[in-house]
1. Using a simple spin-label model with points 7 Å from Cα along the Cα→Cβ vector, what separation in nm is obtained for residue 165 and residue 46?
2. What are the GluC sites (Glu not before Pro) within the range 151-219 that DSSP puts in a loop, where the Cβ has at most 11 other Cβ atoms within 10 Å?
3. For residue 232 and residue 85 in one chain, what is 0.36 nm times their gap in residues minus the Cα-Cα distance, to one decimal in nm?
4. Where the accessible area of the range 100-252 is counted over protein heavy atoms with a 1.4 Å probe, how much of it, in %, is carbon and sulfur?
5. Using the Cα gyration tensor of the range 121-252, with a ≥ b ≥ c the square roots of its eigenvalues, what is the shape: rounded (a/c below 1.5), prolate (a/b larger than b/c) or oblate (neither)?
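The values are calculated or read from the model by the stated rules, or taken from the named source; none is laboratory data. What you see is a predicted model; the values in this text were computed from it and never measured. Neighbour counts are summed over all protein chains in view; Cβ atoms, including those assigned to glycine, are modelled from backbone coordinates with ideal geometry. Surface accessibility is based on the protein's heavy atoms, side chains included, excluding ligands, DNA and RNA. Shrake-Rupley method; radii C 1.70, N 1.55, O 1.52, S 1.80 Å.
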Amino acid sequence: HGVTYWHHPSWTERGLRHGFLGRTLDARAENTRWRSIFGAELRLLKQVHGTSVCRAETSGEATLQKVQPSVTEADAWIIGQGMPETSYGILTADCVPVLLASSDFRYTAALHCGWRGTVGDLLPLMVGLLRDAGADPQQLQVLIGPAARGCCYEIGPEVAAEVLEAEERALEKNIPTQPGAVLRRTDDNRILCDISALVRLQALSSGVPSRSIEHLPFCTICDERFFSYRREKHQAGRQVSFLGPTMHANLP
């Protein structure tokens, strides 16, 4: 089908449909093609760069709210088992896509972590929600997808101050493993930021073991396999990162 995507081999082998796509499929305009390739409807959120979480409807839990993706404003899905024949997607073009799953796949989630959502502690909030639902953070696995990285992502001093505060909150947890630098200043006094490194730090500080965090090393700004708003401005499409449903057939 000419679609390139990255996935976790053990998740795929165990039947969890998921992945991070590049620019070979712009999900905003190609839901019909998506269904023909992945065998599932793609549900999307109206993302607002915040920290709201939407519960996906499921066939087995009548208490979960039924959502209409076209009007639901949120930046994360908490999915559980989800609906058959349905994938739950996050759109990005420099922000950080994150997929979470418990070791038994009973709890799954997908997050759109822009800098605002990240400094607002969206990932720690999600880990807390999963913990309250019965998931052990020590048993969670976190996949961090392609995003604007510290090689290219320049920010101003006001944003840098908020990023630094979020980093300091995470470091207060005395985590055993440090990720790469979140902020660095260049010789010509520019500030470069790696939001995905902050997301990884937040996962560690929330109790997820380092061995359970996979961090794809791609920068969407300088790697033209991906859409990038910084590089393409309003011409940029959106790549999708998705979870669910459990596979009944092999991925392409």
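1. Computed distance between label sites residue 165 and residue 46 equals 2.8 nm.
2. Values: sites: 154, 158, 162, 165, 167, 168, 172, 214; in loops: 172.
Hits after loop and neighbour filter: 172.
3. Working: separation 147, 0.36 × 147 = 52.92 nm, distance 3.32 nm.
Working it through step by step, the gained length comes to 49.6 nm.
4. Working: 3220 of 7020 Å².
So the carbon and sulfur contribution to the accessible surface is 46 percent.
5. Values: a/c = 2.18, a/b = 1.14, b/c = 1.91.
Oblate shape, in that a/c is at least 1.5 and b/c is the bigger or equal ratio.
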